[in-house]
Every structure is written in C-alpha cells, then in structure tokens.
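The values are calculated or read from the model by the stated rules, or taken from the named source; none is laboratory data. Because the structure is a prediction, the values reported are computed rather than measured. Methodologically, a virtual Cβ is constructed for each residue, glycine included, from the backbone with ideal geometry; neighbour enumeration extends over all protein chains shown. Calculation scope for accessible area: heavy atoms of the full protein, side chains included, ligands and nucleic acids excluded. Shrake-Rupley method; radii C 1.70, N 1.55, O 1.52, S 1.80 Å.
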Amino acid sequence: MPAISSKGKSMPQSPIRKLVPYAENAKKNGIKVFHLNIGQPDIKTPQVALDAVKNNDIEVLSYARSEGSEVYREKLSNYYAKNNINVTANDIIATTGGSEALLFTIGSITDPGDEIIIPEPFYANYNGFSIASGVKVVPVISSIDDNFALPKIEDFEKLITPKTKAILICNPGNPTGYLYSKEEIEKLKQIVLKHDLFLIADEVYREFAYDGAEHHSVMKEDGLEQNAIMIDSVSKRYSMCGARIGCIVSKNQEFIQTAIKFAQARLSPPTYALIASEAALDTPQSYFDDVIGEYVERRNTLINELKKIDGVKVANPKGAFYCVAELPVKDSDDFAQWILEKFHDNNETVMVAPASGFYSTPGEGKNQVRIAYVLNEKDLKRSVEILKLALERYNQ
C-alpha cells in the first residue's frame, strides 16, 4: 500500500470538530445537543448581504480577480479607515476565509524548518497550518490565573532562534477571549523590531470588545509597516461563516506581492461570497451595537453560571465570544466524548471543545475546555446546568 506522508500523519484533528460524529449519534438517538464547541454565531447575517446575492442578475458565474475585486478592496480600505487603520486596496488580498489568509502568510514568510512563536492556548488550526507548511510552532504559555495575558517579553526572547520568523497572536483571542492592551501590542512591536521578525495578528474578532475596552490593531503602530501582517475575515463580524471570505492586510509590498502568487495559484475567492461580503460593508453601526450588547449579556450569564459549579475555574473574556474553563476532571477529551455518548438530562446534553487541542505543549490543557457563548441566555443557562450534572455523575 502506498505510504501516507509523515506531514499528513502529524496533522492534528480539530478539537472543535472531531467529536461531531458522537454529537450526530446522540441526535439520532433523540438527544438534543447544545453546541458550545464551535464559534458559529446564531446572530442573523445582515439582510443587505443576503439580498446582494438573492437579487443578483449574474448570467455567467465567472472567476473573480485573484486578490479580490478592486471595488471590494477599496470599500474594505474605507471600512478600516473608520477604525483608524490607514491602508489602501493594494495592501489587501481577499482570501477564502481567514484560514487561507494564514496559509498564504505562513507560506510567504517561512521555509520548512522555520519557527513561529505563538502564545498558547491558541486557535487550534494554527497547529495544522504550520504543519502543512513544514513550520514548527514554538509555544509561550499564558496562564488562566492571570486571564491569559501576554506572557513576559523575556519568555519570548529566550525562545527566539535564527529559525524564528514571526510571532503570531489572536486579538481578541480564540479560545481565551483575551483582549491585548495597547501596552502589550507595543511590547510585541519592540521585540519584533529588535529581532527583525514579522508580527502576525489574527484580528477577526475586532468588533467584539467589551466593558468599554478598545481593540488595538497592529496596523496602527508606527514603525511596524514592514513587520505587521493582519489577518481578517467576514465570518464572525457579519455572522457569515459560510461565505468563506477573509483577507490579508499589510503595508509590506514585498510580502503582499509574494502572497498574491499563492492567491493566483488557487485562482480566486468565490464570486458570490465576494458580492455578499462587499454588500455587508454597508451594514449600519446599529447592527454591531445590538450584537455587542447581546454578547455581553451572554458572557455575563455564562461566566456567572460557571462560577457556581464547585471545582470550576474560568477566565473572564474581554473580547470575542469564547472562554476557557478549567474543570474538575483529569482528561477533558474523555469527558467531552463521555457527555455525548453516555450522559443526558431529560434527553438533552452539551458539546464542548477539549482545550488540549488549543495547545502544542504536550499535556497542557488536559483539564480545560473551550466554551463558545453563541447560544441565547436561556440555552446557555440550561447548558451549564447540564454540565454541572454531568460533572457530578462523571466524578462519582
């Protein structure tokens, strides 16, 4: 039998999706599953985006431009300008989701064997993207005890080698919900300039900043023009995960021109999705105000309910719509599968994402789960009630 590549064998399963077969089996057996495992918002997609596709009179569904139409990128640059991010259409490449943006970025700045430093826990697919490119993830661990704040700069510096090409952050963070302060971004700026590295910031949750906190983009930092790379997406901002439209933004034109070659190799992002994404940029601010208010209420409900469970420790997220909770279990992978296979209360159960998949350090996160608060408050309360009952049964 022909051999599978070692790279393929090393590709990790998604902690978010690997338990889907167990959830589907539970549903087939008449069990209602509350999905706390995936960041799929239940917020309605802006009608203006849906109408742009529905009312379109295209007769030939042709290729889009590899980097996205100039009209879309111009409109996108105007959106960024409203967020005090001054870029032009030539600084932007439209991609098939933020995932492709990350793949193109890693492919453009690294060679096999190179290293990227990432504060962990981090978005699980960073592991997969790096393995696909033959790149080594070098983790610097943040702690639930200080809400997953940026680790000390000394912790970064001792990990830098001649193979280090970039530091990658997610801001606000998935899975932690941590929102980096301006001071923390400036510390990262100093270290990447000192060591001549790229600073990649996954900012797909930019709009989701709570409690009066402000999101600080790496693209706002003077002096980082040649170092900063921003990853973005319409998925969460407009509740358009299925559109699969993201982008790369950077003022480093050598990097942009390199990434465009990757974009040309995959031909183009999907045309209808680009049309919807362009229209979504006309979404009024009132939409976001309502969404933010809704998520703050959901966050508060989830955190307050989780804190009522004996033995549970939870970080308080300042952005995005996730939190990491530490459970009184030894193996959250086993618990997450057990709760789908063997537990229900009144024919209802919950699905969570084991947090070990959000680490690259072996053994880390084994008693943690990521919870997405993308359900309404009633369902969130019921989900935590089921989680509490399940923990009691599991630990008997």
Rounded D (µm²/s) - the chain, Kirkwood Rh over Cα pairs, Stokes-Einstein at 4 °C, 1.567 mPa s: 59 µm²/s
Provide, as a two-decimal number, the C-alpha radius of gyration of segment 265-323 over 2.2 N^0.38 Å, N being how many residues it has. 1.75
Take the Cα pairs of segment 328-396, get the Kirkwood Rh, then feed it into Stokes-Einstein at 25 °C and 0.890 mPa s and tell me D in µm²/s. 195 µm²/s
With label points set 7 Å from each Cα along the Cα-to-Cβ direction at Ile4 and Thr361, the distance between them in nm comes to 2.9 nm
If you take the beta carbon distance between Ile260 and Tyr79 as r and set R0 to 25 Å, what does 1/(1 + (r/R0)^6) give as a FRET efficiency, to the nearest 0.05? 0.75
List residues of segment 78-96, by number, whose backbone nitrogen lies under 14 Å from a label position 7 Å along Cα→C-beta of Lys182. 84-85
Looking at the square roots a ≥ b ≥ c of the eigenvalues of the Cα gyration tensor of segment 210-301, which shape do they give, rounded for a/c under 1.5, prolate if a/b is larger than b/c, or oblate? oblate
log₁₀ of I(q)/I(0) at q = 0.13 Å⁻¹ - segment 131-189, Debye sum with one point per alpha carbon: -0.38
Can you pull the percent of segment 127-270's accessible area that's carbon plus sulfur, 1.4 Å probe, other chains left in place? 51 percent
Please find the FRET efficiency linking Val20 to Lys194, where r is the Cβ-Cβ separation and R0 is fixed at 30 Å, and quote it to the nearest 0.05. 0.10
Helix 182-195 vs. the chain, principal-axis angle (Cα, 0 to 90°, nearest 10): 60 degrees
Return the single residue from Phe262, Phe208, Phe321 with maximal mean-square fluctuation; model: Gaussian network over the chain, springs between Cα atoms under 10 Å. Phe262
DSSP-defined beta bridges in the chain - what % are antiparallel, rounded to 5: 45 percent
So, with points 7 Å from each Cα along the Cβ direction, the Thr88-Val296 label distance in nm works out to 3.9 nm
Contour minus Cα-Cα span, Asp42 to Lys330, at 0.36 nm per residue, comes to 100.5 nm
Going Cα to Cα from Lys158, which lysines come in below 22 Å? Please leave out same-chain ones fewer than 8 positions away. Lys136, Lys187, Lys189, Lys194
Can you tell me, using C-alpha contacts under 8 Å and at least 6 residues apart, the relative contact order of the chain as a whole percent? 25 percent
Total lysine pairs under 18 Å (Cα atoms) in segment 292-396, excluding pairs fewer than 8 apart on one chain: 16
Residue-wise HN-Hα coupling along segment 115-121, computed from phi with Karplus coefficients 6.51, -1.76, 1.60 (Hz; x: Gly, Pro): 10, 10, 8, 9, x, 10, x
So, in Å, what gap is there between the alpha-carbon centers of segment 171-233 and segment 267-288? 24 Å
For Lys27, counting only aspartates and glutamates whose alpha-carbon sits under 12 Å away and dropping same-chain residues fewer than eight positions off, the answer is Glu341, Glu348
Amide H neighbours of Asn174 under 5 Å, counting only residues 5+ apart in sequence or on other chains, H built in-plane at 1.01 Å? Tyr123
Identify all lysines with a Cα-Cα distance to Lys261 below 21 Å; exclude those on the same chain that are fewer than 8 residues away in sequence. Lys165, Lys251
Have a look at Lys75, Lys28, Lys313 and tell me which one the Gaussian network model of the chain (Cα, springs below 10 Å) gives the largest fluctuation. Lys28
Rough spin-label spacing in nm, given labels placed 7 Å along Cα→Cβ, for Asn55 and Asn346: 4.4 nm
When the chain is modelled as a GNM with alpha-carbon springs shorter than 10 Å, which of Asp155, Asp57, Asp232 fluctuates the most? Asp57
Quickly estimate the mean residue ellipticity at 222 nm for the chain, helices only: each DSSP H run with n ≥ 4 gives -39500 (n - 2.57), and the total goes over all residues, rounded to 500. -11500 deg cm²/dmol
For the chain, accessible area per residue (1.4 Å probe, heavy atoms of protein chains only), Å²: 44 Å²
Each residue of segment 83-95 in order: what ³J(HN,Hα) in whole Hz does its phi give by Karplus 6.51 cos²θ - 1.76 cosθ + 1.60, θ = phi - 60°, with x for Gly and Pro? 9, 6, 10, 9, 9, 10, 4, 6, 9, 10, 10, 6, 10
